[in-house]
1. Could you tell me what fraction of 2.2 N^0.38 Å the Cα radius of gyration of the stretch 1-100 comes to, as a two-decimal ratio?
2. What trypsin sites (Lys or Arg not before Pro) does the stretch 40-117 have in DSSP loop regions with at most 10 other beta carbons within 10 Å?
3. So, R0 is 41 Å and r is the distance between the beta-carbons of residue 74 and residue 110; what FRET efficiency does that work out to, to 0.05?
4. For the stretch 2-51, which chymotrypsin sites (Phe, Trp or Tyr not before Pro) pass both filters: DSSP loop (anything but H, G, I, E, B) and at most 16 other C-beta atoms within 10 Å?
5. Round to the nearest 10 and report in Å² the accessible area of residue 57, as given by a 1.4 Å probe over the protein chains' heavy atoms.
6. Let me check against my output: what whole-number percent is the relative contact order of the stretch 1-87, with C-alpha pairs under 8 Å and at least 6 apart?
Amino acid sequence: TCAGFLVSILGGGVMLVNDSLALFFVGMTLVGVGWNLSFVGPSALVSTIYTPKERADVLGFNDGLMLLTIGIFALTGSQIYKAINSWRVFIYTLIGISALSAFAAVAVGFRTARRGRLKVNAAGDRTREGDAADAADSIDHSEASLEGSLEHITQAVNK
């Protein structure tokens, strides 16, 4: 996920170098690859959180909402371009949103990884999070990230 955002930032940087068609194609290709890399991780995570019965509905809603948002931005993008007559604003917005998203992915990944470290409980026993019988109850799905907790979620579901 984070790698996808970084590839998108690289693609935006390539498009800022100059206005040549070749750099535009290279930059857009990098942005497309970055988009795919950043899209696959969260989709895989969403599919692991829900039960098989709910999975199709949740993934369909998630993908539909994402595609609706893309459609709205695609339709309004040309009007915004006409108003400001520059692609630079779009590129700076791409770089800014990708940088914030990469930072958020790294922060959540570190937080999730820190929670998985060895903990000392009240009795002084060293345990690893997820070893308890009620491991499924210890998962905070709103803070789950693919990098840090996919294995933790899988272990909890398999128990």
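The values are calculated or read from the model by the stated rules, or taken from the named source; none is laboratory data. This structure is a prediction, so every number in the text was calculated from the model and none was measured. For neighbour counting, all protein chains shown are included, and Cβ atoms are generated from backbone atoms with ideal geometry for every residue, glycine included. Each accessible area value is taken on the protein alone, full model and side chains, heavy atoms only, with ligands, DNA and RNA left out. Shrake-Rupley method; radii C 1.70, N 1.55, O 1.52, S 1.80 Å.
1. 1.25
2. In loop regions of the stretch 40-117 (DSSP not H, G, I, E or B), the sparsely surrounded trypsin sites (Lys or Arg not before Pro) are 117.
3. 0.75
4. Sparse-neighbourhood loop chymotrypsin sites (Phe, Trp or Tyr not before Pro): 50.
5. 120
6. 25
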